[in-house]
Amino acid sequence: MRFLSSVMAVGLVLWGAFVCADPNDWAERGNGGDVIVCPQSPLGNLMYDAYEAEVRYQFKLIFPDLEEPEWPDTGAPNYGDEMSLDFSLKIAKELVQRIETQDPVRAQRYFQWLAEFKNDTRFLPEVELFDIPDTGIGFIPPQCSLHQLIIQRTPKFPQDRRYMVALDYWQWMQPEQQAAAILHEIIYRDLAESKAWTGTSEPARYFNALILSDAIGQMSHVEYLNITRRIFNGN
């Protein structure tokens, strides 16, 4: 297994406190994940769900130990190309398998959305996406900055895609971080379509943390049902 010791690089505490008045408003205004940009970090750009998992919840992240593709001989892999996206989606699929025994119906829904992710996504170069205020208060280390990585929204027009991704930030994320970002969007979609969604991404980030750390594998079925009821049903 690959362990991501990201807390040793920089510290981060981010959690959601923003409450939206209309639970259905996400379809109009959108929502999405943020990325931490630390120019001095050897890890590249970082999905903050992973940091919150380590810092706030004290989880140790465990990513699938998959064989990497044979990257083109350009000196370094291009994490913004289709080969890298396919690998990141493969990691995300492996991560979703961690809930399959406990929650086969939800897992199949996530597998379907992962299969659609490439066609549902538009990668935009040289853009700064407008910030979606669904994170709440938080803290980032000195010399780092927080940016909107992805905006998810129900497509309105024929040319729209569900996910808009800021390519300039995405391409400097390692595949594990990209997989965490993809999972964030899949889980957020599930949460947003449930009756429990209140406008904050906190429950989605927590469920992501449970998957990224494989904490679900240590839960009894009753424990899993109780925590998913709190996340997705609001009770």
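Backbone geometry of region 179-187 corresponds, through the Karplus equation with coefficients 6.51, -1.76 and 1.60 at θ = phi - 60°, to 3J(HN,Hα) couplings of 4, 5, 5, 4, 4, 3, 5, 5, 5 Hz, x marking Gly and Pro. Accessible area per residue for region 130-225, computed on protein heavy atoms with a 1.4 Å probe, is 41 Å². The stretch between residue 159 and residue 97 holds 19.1 nm of extra length on full extension. This uses 0.36 nm per residue minus the Cα-Cα distance. Stretching residue 127 away from residue 109 to a fully extended chain increases their span by 3.4 nm, per 0.36 nm per residue minus the current alpha-carbon distance.
Rounded to whole numbers, the Karplus 3J(HN,Hα) couplings from phi for region 83-89 are 4, 5, 4, 4, 5, 5, 5 Hz, using 6.51 cos²θ - 1.76 cosθ + 1.60 with θ = phi - 60°, and x at Gly and Pro.
Summing Lys and Arg as +1 and Asp and Glu as -1 over all other residues whose Cβ lies under 15 Å from the Cβ of residue 219 gives a net charge of 0. Residue-wise HN-Hα couplings along region 51-56, as the Karplus relation 6.51 cos²θ - 1.76 cosθ + 1.60 with θ = phi - 60° gives them from phi, are 5, 4, 4, 6, 7, 6 Hz; Gly and Pro carry x.
Distant-in-sequence amide contacts of residue 34, defined by a placed amide H-H separation under 5 Å and a gap of 5 or more residues or a different chain, comprise 48, 149. Expressed as a whole percent, the accessible area of region 54-112 that falls on carbon and sulfur atoms is 46 (1.4 Å probe). Peptides 83-89, 65-71 ranked from most to least packed give 83-89, 65-71, packing being the mean of other C-beta atoms within 10 angstrom over each peptide's residues. Taking 28 Å as the straight-line reach from the Cα of residue 156, the lysines in range (excluding those fewer than 8 positions away in the same chain) are 93, 118, 195.
Sorting the segments 182-189, 153-160, 32-39 by their mean number of nearby beta carbons within 10 angstrom, highest to lowest, gives 182-189, 32-39, 153-160.
The values are calculated or read from the model by the stated rules, or taken from the named source; none is laboratory data. Model, not experiment: these values are computed from the prediction. Quick reminder, even Gly has a Cβ in these numbers, built from the backbone with ideal geometry, and neighbours come from all protein chains shown. To get the accessible areas, we keep the full protein, side chains included, count just its heavy atoms, and leave off ligands, DNA and RNA. Shrake-Rupley method; radii C 1.70, N 1.55, O 1.52, S 1.80 Å.
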